[in-house]
Each structure stands twice: as structure tokens, then as C-alpha cells.
Amino acid sequence: MIPSLMGFARPLLRPAGFAVFSHPSLRVARPSPQRSALQQDCYSQERSRLIRGADRARADLRRAAERIPDQAHYPGGWGIHHLTTYSCCVFRRSSSDAPADAATLVEDEAAEAQKAVPAAEAKKGRPTPKRSAATTNQRGRAYVPPDRKASARAAKTAGRSDRERQMLAMRGQGDPRDLPPRDAGPVRKFVRDYVDSRWTALEFAMPVVIVIFLLATLLRSASVVVFSTLALYAVILLIVVATFFFARGLRKELARRFPNQNTKGAVAYGLLRSSNIRKMRLPKPAVKRGQRP
């Protein structure tokens, strides 16, 4: 149909200055580039008319193909396959492959679906609560005391009593169970006794450094400044060596006495306690110098 239309329109278009070119589905005319706007308008109208005619022809052929009862009777099999939905021959299932009863198939599918449902998703025998009710039950209500001022006073009194018991325990006058978490436990108690039972260089490092700075500041003499500088270097070297041997000995004792317990941070705790003067240590020392812990 389309070639016949183009064959009829070609002699009419060429004298008017139109050229003919190929299209994937039809051949249409286009104006030469040197023609006027009137000829361009004629070209556009002719092209639109031809495209509408081609679309109508395709729609007619498609409707005719859908009315055909069985295309297998036509010679050549699927001769108009380019107008249908499928581009190749489609084989349908024969009646022998179909189930004998559709109800049986539905029942089998329902049974398989029920088996596939896990126990957590099975029916629970009660209606599902609404989201608002479930969220309310999950969150719960915050407790609001009837008298907030009285509750605040009671909390303040309880906190004060806890701090008093804790301070008494750190002074050695209360229950050791009231010690803060930093000082509680048998490991920390052994570290305190290990530090308090010996002389340490860190205990006297700060007083010696303060005395050296006072001498260098008050006595403005070159010899005193040189002596103070050398003494300060000697104190720093002594602190480093003493700290090394102290930490190594404490680590060995912890590994020997507490092999299966967590001793993380115990060495640092002992070094921090040994840097304080004995009378200023909290909790108070429980052993004397030279007494084995």
C-alpha cells in the first residue's frame, strides 16, 4: 500500500522541487534545500498525510491478525509475525500436561505456601494490635512523682549520704565496699599495699624539684645555677630508672598473684599512687613501710 502511494505521489512531487528519500518503514519526500517556505510547508503536510495512512494500514492489519482463529492453517506458518506481539513461534502447553482438576492445584499451592511460612509468622490466635497501642505499651509511661520538690530533696539527701560513706571508706574508717569503682576490688587493694610498703623515688621527686628551683631563683650565682641544672638532670634520670624497675616488679607480682583476673590499668594506678606523698594518699595506707602486702 505504501509503495503504491509513493509511486503515485512521486511524479507530482518531483516537478515541484521535492526529493525522495528512504525511511525504515516508508518512503517520504523532503524539499530541496534551495526551495521556499511554501514548498517546505507542502512537504510537511504531505509527509504527515503519508505517515497517518501508514499507521492506519498497520492498525488494520493488526486487527485482522487478531481476528484470525488459528494462524497455523496459513501457508508459511507465522507469515505476519511482524505485526503481532511475539517475534517467533510460541508453543502452548498441551491439554495432557494440564492438571486434571484446578481445585486440586489450588489446594496443593495453599499447602505448600503454609509449609513455607515459618513458626514466627504463624497465626497467633489474637488480633494484631494497632501501632499506637503497641508503641505505647513498648515505651511505657515515665514515672512522675506526686511531689517533685520532696523527691528532689530525698535524692539530694541520698547522694550526700553516699558521698559521706565513700569518704569514710577512703579514710579507712568505713566499709571497703563503699569505695569508688576506681579503688574497689582485690587487685587495686594489693596495688595500694604494694606501693605503701616501700620507699619510692617518685614520692620525693616533686619536693626535690621544688627545692632546686627555689635555690636557682633565690641564689643568683653562676655556680648555683650550674649545680641546680645538674641536680635536676640527675633527679629526672633517677625518676626514669626507678619507675622502670618499680613497674616491672609490680607487673610480675600481679601476674603471680592474679593470673586469671583482669589487671588492666593496675600498673598505671600504682605509679599514680606512688607519685603522691604518703600522708596525702587516698585511700589511706593500710600497711607500714617494710611490711609485705
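The values are calculated or read from the model by the stated rules, or taken from the named source; none is laboratory data. Just so it is clear, the structure is predicted and the values come from calculations on it, not from any experiment. Here the Cβ positions follow ideal geometry from the backbone for every residue, glycine too, while neighbour counts run over all protein chains shown.
Quick test for you: out of ARG163, ARG171, pick the one residue that is out of contact with any Lys or Arg (no Cβ under 8 Å at 6 or more places or on another chain) and surrounded by fewer than 15 Cβ atoms within 10 Å (Cβ to Cβ). Before you say what the answer is, go through the steps one by one.
On the way: ARG171 fails: out of contact with any Lys or Arg (no Cβ under 8 Å at 6 or more places or on another chain).
After applying the criteria, what remains is ARG163.
Check region 181-203 and report whether any residue there is modelled with pLDDT under 95, farther than 24 Å from ALA286 by Cα, surrounded by 14 or more Cβ atoms within 10 Å (Cβ to Cβ) and among the aliphatic types (A, V, I, L, M).
No, the conditions are met nowhere in region 181-203.
Hey, does region 216-227 have a residue that's exposed (fewer than 12 other Cβ atoms within 10 Å of the Cβ), charged (D, E, K, R) and not assigned by TED's automatic domain parsing to the domain that holds ARG281?
Looking through region 216-227, none of the residues is exposed (fewer than 12 other Cβ atoms within 10 Å of the Cβ), charged (D, E, K, R) and not assigned by TED's automatic domain parsing to the domain that holds ARG281.
Quick check: is even one residue across region 228-237 within 21 Å of SER197 (Cβ to Cβ) and either assigned by TED's automatic domain parsing to the domain that holds GLU203 or in contact (Cβ under 8 Å) with a residue 60 or more places away in the chain (or both)?
For region 228-237, residues within 21 Å of SER197 (Cβ to Cβ) and either assigned by TED's automatic domain parsing to the domain that holds GLU203 or in contact (Cβ under 8 Å) with a residue 60 or more places away in the chain (or both): absent.
Just for region 134-150: of the residues that are loosely packed, with under 10 Cβ neighbours inside 10 Å and either of a type in the set (Lys, Arg) or part of a helix (DSSP H, G or I) (or both), which one is modelled with the highest pLDDT? Even if it seems obvious, please write down each step before you answer.
Just the residues of region 134-150 that are loosely packed, with under 10 Cβ neighbours inside 10 Å, to begin with: 137-144, 146-149.
Filter once more, so that each one left must be either of a type in the set (Lys, Arg) or part of a helix (DSSP H, G or I) (or both): 137-139, 141, 148-149.
Details: ASN137: 63, GLN138: 65, ARG139: 65, ARG141: 64, ARG148: 86, LYS149: 89.
Ranking the qualifying residues of region 134-150, first place goes to LYS149.
Can you tell me which condition LYS252 does not meet? The list is (1) more than 50 Å from the chain's Cα centre (by Cα); (2) more than 30 Å from GLN166 (Cα to Cα), and all the others hold.
Condition not satisfied by LYS252: (1).
Anything in region 242-266 that is in contact (Cβ under 8 Å) with a residue 40 or more places away in the chain and either within 14 Å of PRO186 (Cα to Cα) or of a type in the set (A, V, I, L, M) (or both)? List them, or say none.
ALA242, LEU250, GLU253, LEU254, ARG257, PHE258, GLN261, ASN262, THR263, ALA266
Could you please let me know if LEU168 is of a type outside the set (Val, Ile, Thr) and outside the structural domain of LYS264 (by TED's automatic domain parsing)?
Numbers: of a type outside the set (Val, Ile, Thr): yes; outside the structural domain of LYS264 (by TED's automatic domain parsing): yes.
Against the criterion (of a type outside the set (Val, Ile, Thr) and outside the structural domain of LYS264 (by TED's automatic domain parsing)), LEU168 qualifies.
How many of the residues making up region 228-239 are within 21 Å of SER275 (Cα to Cα) and either surrounded by 12 or more Cβ atoms within 10 Å (Cβ to Cβ) or of a type in the set (Val, Ile, Thr) (or both)? Spell out the reasoning first.
In the first step, residues of region 228-239 are kept if they are within 21 Å of SER275 (Cα to Cα); the result is 231-239.
The next check asks that each one be either surrounded by 12 or more Cβ atoms within 10 Å (Cβ to Cβ) or of a type in the set (Val, Ile, Thr) (or both); those that pass are 231-232, 234-236, 238-239.
Within region 228-239, residues that are within 21 Å of SER275 (Cα to Cα) and either surrounded by 12 or more Cβ atoms within 10 Å (Cβ to Cβ) or of a type in the set (Val, Ile, Thr) (or both) number 7.
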